[in-house]
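Visitor: I have a structure here, written as structure tokens, and I will follow up with some questions on it.
The values are calculated or read from the model by the stated rules, or taken from the named source; none is laboratory data. These numbers were taken from a predicted model, which means no experiment stands behind them. Don't worry about glycine lacking a Cβ; one is built from the backbone with ideal geometry, like all the others, and counts go over all protein chains shown. These accessible areas exclude ligands, DNA and RNA; they are computed on the full protein's heavy atoms, side chains included. Shrake-Rupley method; radii C 1.70, N 1.55, O 1.52, S 1.80 Å.
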Amino acid sequence: MITNFAEVEQRIHAYPTQKIAVASGTDSETLHAATMARDKNIAESILVGDEKLIRETAEKENLKLTGIDIVNVPDPMKAGLAAVQLVSEGKAQIFMKGYIHSDDFLRCVLNKEVGLRTENLLNHVFILEAKYLGRLLFVTDGAMNIAPTLEEKARIISNTVALAQIFEIAEPKVAVLSAVEVVTPNMQSTLEAAALAKMSDRGQFHGGIVDGPLALDNAINPMAAKYKKITGAV
């Protein structure tokens, strides 16, 4: 099981080098990431954006862009579409957000002509290195699906369980969060959490263990769970 980002960096070298298409890759943080990935032989990058600004930013930050391709598309939205098209055409494997608004970035992903839309539900996953806990935490969905239905929550869980398994977490534990950790009939989120837990009992999440409703503290802190007399694998 991978427990921190250092292990991710170590193990990634066992896989073929991937190419990243960066949407509007003009800002200093993005350029530092792209050059670091190159220097550590983690990934190659194609920066799609305002070439003049990219080179000015790189010079200001004292970064060498050797080996990094630049596609000159000054408009951020058009740059995003050009970058996502590189992925959909197989010329890159990863679509990365640069200096572009999140909603515009997602519009590029969902574009009917050049985007990466599939029949599967897309969801956002934030991967957190929780050093105190000694493991990675996967938080979903805090950015894309604002008010998912029960069916959508089930698909989000399935997607994220599959992602966690890529990180060698063989049996990911999933806490379905709500404001309270008991089933309350007038709180829809607790009813849906309980339904998802029952679906897990019946093996519907392909290796993941789902429980809920849980509050964040008793989902990740054993002392909080013990205080509330909450038991179970999660």
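Visitor: In the stretch 174-212, how many are among the charged types (D, E, K, R) and surrounded by fewer than 16 Cβ atoms within 10 Å (Cβ to Cβ)?
Guide: 3
Visitor: Further question on the same structure: For the stretch 1-21, which positions are assigned to a strand (DSSP E or B) and either closer than 30 Å to Gly134 by Cβ or in contact with a Ser or Thr (Cβ under 6 Å, 6 or more places away or on another chain) (or both)?
Guide: Gln18, Ile20
Visitor: I would also like to ask the following. Residues of the stretch 87-96 being buried (at least 16 other Cβ atoms within 10 Å of the Cβ) and out of contact with any strand residue (DSSP E or B) (no Cβ under 6 Å at 6 or more places or on another chain), which ones?
Guide: Ser88
Visitor: Do we have any residue at all in the stretch 106-120 that's open to solvent by 80 Å² or more (accessible area, probe 1.4 Å), β-branched (Val, Ile, Thr) and within 30 Å of Val174 (Cβ to Cβ)?
Guide: yes
Visitor: From the list Val161, Val174, which residue is part of a helix (DSSP H, G or I) and under 29 Å from Gln10 (Cβ atoms)?
Guide: Of Val161, Val174, the one residue that is part of a helix (DSSP H, G or I) and under 29 Å from Gln10 (Cβ atoms) is Val161.
Visitor: Shifting gears a bit: From (1) open to solvent by 10 Å² or more (accessible area, probe 1.4 Å); (2) under 20 Å from the mean Cα position of the chain (by Cα), pick out the condition that doesn't hold for Asp27.
Guide: (2)
Visitor: Report, by residue number, each residue of the stretch 123-143 that is of a type outside the set (Phe, Trp, Tyr) and open to solvent by 60 Å² or more (accessible area, probe 1.4 Å).
Guide: His124, Leu128, Lys131, Arg135, Val139, Gly142
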